[in-house]
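Quick notes on the structure that follows.
The values are calculated or read from the model by the stated rules, or taken from the named source; none is laboratory data. These numbers come from a predicted model, not from an experiment. Cβ atoms come from the backbone with ideal geometry, glycine included; neighbour counts cover every protein chain shown. Each accessible area value is taken on the protein alone, full model and side chains, heavy atoms only, with ligands, DNA and RNA left out. Shrake-Rupley method; radii C 1.70, N 1.55, O 1.52, S 1.80 Å.
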Amino acid sequence: MICSCPEKTTGPLICPAGYFQNSTTQTVCLRCNAGSYCSNPATGSVPCPAGRYSYAVAVVCEECPSGYSF
(Lines give C-alpha, C1' and ligand atoms only; values in the text may rest on other atoms or scores of the structure.)
Protein backbone atom coordinates (compact mmCIF):
# COMPACT_ATOMS: atom_id res chain seq x y z
CA MET A 1 0.00 0.00 0.00
CA ILE A 2 1.54 3.31 -1.06
CA CYS A 3 0.16 6.47 0.36
CA SER A 4 1.02 10.01 1.33
CA CYS A 5 1.83 11.24 4.82
CA PRO A 6 0.65 14.84 5.07
CA GLU A 7 1.83 16.90 8.02
CA LYS A 8 -0.42 17.00 11.07
CA THR A 9 -2.13 13.67 10.32
CA THR A 10 -2.16 10.67 12.60
CA GLY A 11 -1.11 8.25 9.87
CA PRO A 12 -0.66 7.70 6.15
CA LEU A 13 -3.44 8.39 3.65
CA ILE A 14 -4.08 6.13 0.65
CA CYS A 15 -3.85 7.97 -2.67
CA PRO A 16 -7.29 8.30 -4.33
CA ALA A 17 -8.13 6.83 -7.74
CA GLY A 18 -6.27 8.61 -10.54
CA TYR A 19 -3.41 9.66 -8.26
CA PHE A 20 -0.22 7.87 -7.24
CA GLN A 21 2.87 8.05 -5.08
CA ASN A 22 5.67 5.62 -5.87
CA SER A 23 8.24 7.04 -3.45
CA THR A 24 8.39 6.67 0.30
CA THR A 25 8.20 9.48 2.86
CA GLN A 26 6.24 11.81 0.57
CA THR A 27 3.57 14.25 1.74
CA VAL A 28 1.39 14.44 -1.39
CA CYS A 29 -0.10 12.16 -4.04
CA LEU A 30 0.75 12.94 -7.66
CA ARG A 31 -1.90 13.42 -10.35
CA CYS A 32 -2.00 10.95 -13.21
CA ASN A 33 -1.51 12.98 -16.42
CA ALA A 34 -3.60 12.90 -19.57
CA GLY A 35 -2.47 10.13 -21.93
CA SER A 36 -1.77 7.75 -19.07
CA TYR A 37 -3.67 5.87 -16.38
CA CYS A 38 -3.13 5.10 -12.71
CA SER A 39 -4.93 1.93 -11.74
CA ASN A 40 -2.48 1.16 -8.93
CA PRO A 41 -1.49 4.06 -6.67
CA ALA A 42 1.83 2.33 -5.88
CA THR A 43 3.18 1.94 -9.42
CA GLY A 44 2.80 5.39 -10.91
CA SER A 45 1.32 6.40 -14.23
CA VAL A 46 1.33 4.04 -17.22
CA PRO A 47 1.09 5.40 -20.79
CA CYS A 48 -2.06 4.49 -22.69
CA PRO A 49 -1.43 1.91 -25.42
CA ALA A 50 -1.82 2.82 -29.11
CA GLY A 51 -5.45 3.40 -30.07
CA ARG A 52 -6.47 4.45 -26.55
CA TYR A 53 -6.60 7.78 -24.70
CA SER A 54 -7.28 9.24 -21.28
CA TYR A 55 -7.87 12.56 -19.62
CA ALA A 56 -6.00 13.55 -16.45
CA VAL A 57 -6.68 11.55 -13.28
CA ALA A 58 -7.78 8.44 -15.21
CA VAL A 59 -7.76 4.89 -13.88
CA VAL A 60 -8.29 3.33 -17.33
CA CYS A 61 -7.63 4.31 -20.95
CA GLU A 62 -10.60 4.53 -23.29
CA GLU A 63 -10.70 3.24 -26.85
CA CYS A 64 -10.39 5.99 -29.47
CA PRO A 65 -13.69 6.64 -31.27
CA SER A 66 -13.90 5.64 -34.91
CA GLY A 67 -12.29 8.31 -37.11
CA TYR A 68 -10.11 9.75 -34.31
CA SER A 69 -6.57 9.09 -33.21
CA PHE A 70 -4.71 10.29 -30.15
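So, in segment 21-55, how many residues would count as being of a type in the set (A, V, I, L, M, F, W, C) and either over 29 Å from residue 11 (Cα atoms) or loosely packed, with under 13 Cβ neighbours inside 10 Å (or both)?
Keep residues of segment 21-55 that are of a type in the set (A, V, I, L, M, F, W, C), which gives 28-30, 32, 34, 38, 42, 46, 48, 50.
If we keep only those that are either over 29 Å from residue 11 (Cα atoms) or loosely packed, with under 13 Cβ neighbours inside 10 Å (or both) too, we end up with 28, 34, 48, 50.
Residues flagged as of a type in the set (A, V, I, L, M, F, W, C) and either over 29 Å from residue 11 (Cα atoms) or loosely packed, with under 13 Cβ neighbours inside 10 Å (or both) within segment 21-55 amount to 4.
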Cβ pairs under 9 Å, 6+ apart, first in segment 45-70 and among the acidic types (Asp, Glu), second open to solvent by less than 90 Å² (accessible area, probe 1.4 Å): 62/48; 62/53; 62/54; 63/51; 63/53
